[in-house]
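Asker: This structure is in structure tokens; I'll ask about it shortly.
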Amino acid sequence: MIRGPKPHILRIVALVGLFAASACSIRTLAVRTTADAVSHGIPAFYEESDPVLARQAMPGQLKLLEVLLRNDPKNAQLLAALTEGYAGYAFLFLEDAQPDRAAGLYKRASEFGMRLLSPDADFDAWLDRTGTKDLPGLYWTASALAGWANLDLSNPDALAAVPNAEKMMTRVLVLDASFQYGGADAFFGVLNSARPVIAGGDPVKGRNHFLRALAYSDGAFLPTKLLYMKYYATAALDEALFRRLHHEIAEADSGALPQMRLANEVAKLKAARLMEQIDDLF
């Protein structure tokens, strides 16, 4: 006769299982508590006034978030922070001097963003169902996809993602055009200014998008002026506008928008470097 396990063995197995489940729950709780703290602490990073300090600190923080995500792969707060974090790091600190690295990090940001958004196979129908809670994911994922394509023009996968990026950013305009200080308008300002007319570009539309974006912060969000200077003024060969925008950025008070102090400080540095290229641009 075959006998089953003894009662004390069953109790041990049950206790081991309970302990493992408890340990897993405790670990998940710890990760989620940390993720919540990180999400609430992000504004402190944007308020940083020292770009060098921010550039040195940000990679370690992003890798820490990836470690946390490994323990809680569907954590929306971590996925959102990683999407925004890698896209922001690539734009602020890499794309001018290290475009290849920036392209790779934009791609990484977009992958985290797509995990966060989890679009259906019917992309357009899914997009119509998105709401204001999806705004950060839509905005930063679209920004990352466009950044990747802009820096990796020979990659068909990157270029193929641009139409969906445009659709997501159009949805941002519908849901809340003021999000990220008119970031969706700035996106279309760049797109219409940088694209040749034969490929669908429209400088007039580009200029109008930039002006709408600037209105959301009364011109205090300097990255928008930087993009206006870099893309529209150069495409239109408007040297006077280029010089005026550089002067406005250089003379602006970075602290006028304290919650975006870091972005404003970096915009000043980028505008100064762009001004050094004026003889090659006009």
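Asker: Within the set of pairs 6+ apart or on separate chains, which have a first residue in the range 259-279 that is acidic (D, E), a second that is in a helix (DSSP H, G or I), and C-beta atoms under 6 Å apart?
Answerer: Correct list of pairs: E265/P51; E265/S254.
Asker: Among the residues that make up the range 218-226, is at least one of them among the aliphatic types (A, V, I, L, M), closer than 21 Å to E48 by Cβ, buried (at least 20 other Cβ atoms within 10 Å of the Cβ) and touching a Ser or Thr at 6+ places or on another chain (Cβ under 9 Å)?
Answerer: yes
Asker: Test E111 against the stated conditions and say whether it is surrounded by 15 or more Cβ atoms within 10 Å (Cβ to Cβ), out of contact with any helix residue (DSSP H, G or I) (no Cβ under 7 Å at 6 or more places or on another chain) and either in contact (Cβ under 8 Å) with a residue 40 or more places away in the chain or among the acidic types (D, E) (or both).
Answerer: Considered against the rule, which asks whether it is surrounded by 15 or more Cβ atoms within 10 Å (Cβ to Cβ), out of contact with any helix residue (DSSP H, G or I) (no Cβ under 7 Å at 6 or more places or on another chain) and either in contact (Cβ under 8 Å) with a residue 40 or more places away in the chain or among the acidic types (D, E) (or both), E111 comes out as yes.
Asker: From the residues in the range 95-107 that are assigned to a helix (DSSP H, G or I) and surrounded by fewer than 20 Cβ atoms within 10 Å (Cβ to Cβ), which one is nearest to the chain's Cα centre (by Cα)?
Answerer: Only one residue tops the list, namely G104.
Asker: Identify, by number, the condition in (1) out of contact with any Gly (no Cβ under 6 Å at 6 or more places or on another chain); (2) at pLDDT 95 or above; (3) more than 22 Å from L151 (Cα to Cα) that A213 doesn't meet.
Answerer: Unmet for A213, out of (1) out of contact with any Gly (no Cβ under 6 Å at 6 or more places or on another chain); (2) at pLDDT 95 or above; (3) more than 22 Å from L151 (Cα to Cα): (1).
Asker: Among helices (runs of 4 or more DSSP H) lying entirely in the range 188-282, which contain 3 or more residues that are hydrophobic (A, V, I, L, M, F, W, C) and closer than 27 Å to D176 by Cα?
Answerer: 203-215, 222-227, 261-275
Asker: Just to be sure I understand, how many residues within the range 151-172 are surrounded by 19 or more Cβ atoms within 10 Å (Cβ to Cβ) and assigned to a helix (DSSP H, G or I)?
Answerer: 7
Asker: Can you pull out the residues in the range 253-282 that are closer than 24 Å to A236 by Cα and surrounded by fewer than 20 Cβ atoms within 10 Å (Cβ to Cβ)?
Answerer: If the condition is that a residue be closer than 24 Å to A236 by Cα and surrounded by fewer than 20 Cβ atoms within 10 Å (Cβ to Cβ), then K268, L269, A272, R273, M275, E276, Q277, I278, D279, D280, L281, F282 are the ones that fit.
Asker: Still on this structure: Restricting to the range 59-91, name every residue that is more than 18 Å from S110 (Cβ to Cβ) and acidic (D, E).
Answerer: D72
The values are calculated or read from the model by the stated rules, or taken from the named source; none is laboratory data. Keep in mind it's a predicted model, so treat the numbers as computed, not measured. Heads up, the Cβs are rebuilt from the backbone with ideal geometry, glycines too, and the neighbour counts pull from every protein chain shown.
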